[in-house]
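Chemist: Dropping the structure in here first, questions after.
The values are calculated or read from the model by the stated rules, or taken from the named source; none is laboratory data. Quick caveat, the model's predicted, so the values are computed rather than measured. Cβ: placed from backbone, ideal geometry, glycine included. Neighbour counts: every protein chain shown.
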Amino acid sequence: MSLLELIKQPRMLEETALDRELLLDLTLKHLYDGGALDLQQLVDRMALTGNVIEAILAVLRKDARIEILGAKENSAGLRYQLTELGSAVAKNAYLRSGYIGRAPITIDHYRQLVEAQSIFNCTVSKEQLKNVFTNVVINEQLYDQLGPALHSGRAIMIYGAAGTGKTFICKHLARCLGDPIHLPYSIAVGREIIQFFDPLTHIPIYDVSEKSSYHFDTRTDQRLILCERPVAISGGELTMDRLELRYDPVTRLNQAPIQLKANNGIYIIDDMGRQRMPPVDLLNRWIVPMEEHIDYLTLGTGQHFPVPFDTVLIFSTNIHPLKLADEAFLRRLGYKIHFTDISKQHFTLIWENVCREHNAIAEQGVLECVFELYIQTEKLFFPCQPRDLIGLALDIAAFKNKKGQLSKENMMLAWNTYFIDI
């Protein structure tokens, strides 16, 4: 099925392919939450067409769960409210699931949506990469390594010392991976609803509070939202349970795991080797998803079901890969990219860029003073250092009522604050 067909607004109840009882319960919960609502209010709340809502209301009315009230001045038409029976059923529905929001799409619909927008169908050119990193000083060799790695569809391990720009570069890779994608607010597996949309991971291409032409296009399924391709990041806080469906017994909500939210985008496991579990356990968790592009999740009911794993999986670490896994496993990854220290020339370019960003006025010889300190201490140049050192020196200058001025004295203080002598 084409993407245009997959994002088309369903006009009939049957076209949603959702369990009928799920829709009845969701409608009752909206009426329980909002009181007497008219048709347009229910359309706005559930993101379904008037035809679909009317079909649901007809069933509820036939079962004596709702009654009709007259229109009010601020109402667009007849209003619907729960009967005593309907209130009791709505309360029971709340006890089973605390979800109240837009109607979900089915898991089958979601699988097709992911396939139609697959990250592995994206093409990346060297020019695209360079455009993404126009204002970034980057080693030319990295373009020739990152480009093929993104094309391959295989997992990538990026390793190198802290401060070499690994995470920064990875976060920006999604910008060259194609057009925005359509994501669901929630997904239904049978009668269970999984919350999917996450504003921390999914960035809409329009302000959801504004009346955009996309959001109010009646031809487009309003259960979907158009977003940038996601970049999800987990760090040292990652635990195995965060890679599974999470059910909150208080809110009675199912929350999608982070790798599911990263579909059609990039998932970065940062600080690999710093998690609580052994690195080999975390790496083994990804063997099936990496090779088959399928992951398996389990609902609280015990139902086990497959989901797409359409993600560029990136492991980022400052630990040597052979200390994390054996050679046999590392071969499965395909691409291992080493981020190293930078040249004096690149350090200078980054320094000048940071000074321009901060409108910093540098005393003559400040940079030469910094280079002399590097020589004396035999330290390597890393791309994070210019920004960090300049930031500290400007803080000191502001404290001395000399805002924006970079002096040798302040840079020496910044150096001694930043680096730890052994």
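Chemist: Checking residue 326 against (1) out of contact with any helix residue (DSSP H, G or I) (no Cβ under 8 Å at 6 or more places or on another chain); (2) within 23 Å of residue 151 (Cβ to Cβ): exactly one of these is not met. Which one?
Modeler: Unmet for residue 326, out of (1) out of contact with any helix residue (DSSP H, G or I) (no Cβ under 8 Å at 6 or more places or on another chain); (2) within 23 Å of residue 151 (Cβ to Cβ): (2).
Chemist: I would also like to ask the following. Quick one: which of 389, 394, 406 is farther than 19 Å from residue 346 by Cβ, modelled with pLDDT of 95 or more and either out of contact with any strand residue (DSSP E or B) (no Cβ under 8 Å at 6 or more places or on another chain) or surrounded by 13 or more Cβ atoms within 10 Å (Cβ to Cβ) (or both)?
Modeler: 394
Chemist: Additional query: Out of the residues in the range 297-346 that are among the hydroxyl-bearing types (Ser, Thr, Tyr) and over 22 Å from residue 235 (Cα atoms), state the one that is modelled with the lowest pLDDT.
Modeler: 301
Chemist: Of the residues 18, 42, 26, 22, which is touching a helix residue (DSSP H, G or I) at 6+ places or on another chain (Cβ under 6 Å) and either in contact (Cβ under 8 Å) with a residue 24 or more places away in the chain or not small (Gly, Ala, Ser) (or both)? Don't jump to the end; show me each part of the working.
Modeler: Numbers: 18 fails: touching a helix residue (DSSP H, G or I) at 6+ places or on another chain (Cβ under 6 Å); 26 fails: touching a helix residue (DSSP H, G or I) at 6+ places or on another chain (Cβ under 6 Å); 22 fails: touching a helix residue (DSSP H, G or I) at 6+ places or on another chain (Cβ under 6 Å).
So the residue among 18, 42, 26, 22 that is touching a helix residue (DSSP H, G or I) at 6+ places or on another chain (Cβ under 6 Å) and either in contact (Cβ under 8 Å) with a residue 24 or more places away in the chain or not small (Gly, Ala, Ser) (or both) is 42.
Chemist: A further question on this structure: Identify the residue in the range 69-119 that is assigned to a loop (DSSP other than H, G, I, E, B) and polar (S, T, N, Q) and, among all such residues, is farthest from residue 16 (Cα to Cα).
Modeler: Top of the filtered list is 74.
Chemist: Does the range 47-59 contain any residue that is surrounded by 18 or more Cβ atoms within 10 Å (Cβ to Cβ), assigned by TED's automatic domain parsing to the domain that holds residue 9, touching a Lys or Arg at 6+ places or on another chain (Cβ under 9 Å) and not in a loop (DSSP other than H, G, I, E, B)?
Modeler: The answer is yes, given that some residue of the range 47-59 is surrounded by 18 or more Cβ atoms within 10 Å (Cβ to Cβ), assigned by TED's automatic domain parsing to the domain that holds residue 9, touching a Lys or Arg at 6+ places or on another chain (Cβ under 9 Å) and not in a loop (DSSP other than H, G, I, E, B).
Chemist: Do we find that residue 73 is at pLDDT below 95, acidic (Asp, Glu) and loosely packed, with under 14 Cβ neighbours inside 10 Å in this structure? Break it down stepwise before answering.
Modeler: Values: at pLDDT below 95: yes; acidic (Asp, Glu): yes; loosely packed, with under 14 Cβ neighbours inside 10 Å: yes.
Judged against the criteria, residue 73 is a match.
Chemist: Moving on to the next point. Name every residue in the range 360-372 that is modelled with pLDDT of 95 or more and either within 40 Å of the chain's Cα centre (by Cα) or more than 13 Å from residue 348 (Cα to Cα) (or both), in order of residue number.
Modeler: Within the range 360-372, 367, 370, 371, 372 meet the criteria.
Chemist: Now for a different question. Run residue 156 past the list (1) surrounded by fewer than 21 Cβ atoms within 10 Å (Cβ to Cβ); (2) modelled with pLDDT of 85 or more and report the number of the one that doesn't hold.
Modeler: Against the list (1) surrounded by fewer than 21 Cβ atoms within 10 Å (Cβ to Cβ); (2) modelled with pLDDT of 85 or more, residue 156 comes up short only on (1).
Chemist: Now for a separate question. Quick check on residue 318: is it surrounded by fewer than 19 Cβ atoms within 10 Å (Cβ to Cβ), over 17 Å from residue 270 (Cβ atoms) and among the polar types (S, T, N, Q)? If you could, list the steps in order and put the result at the bottom.
Modeler: Details: surrounded by fewer than 19 Cβ atoms within 10 Å (Cβ to Cβ): yes; over 17 Å from residue 270 (Cβ atoms): no; among the polar types (S, T, N, Q): yes.
Answer is no for this residue.
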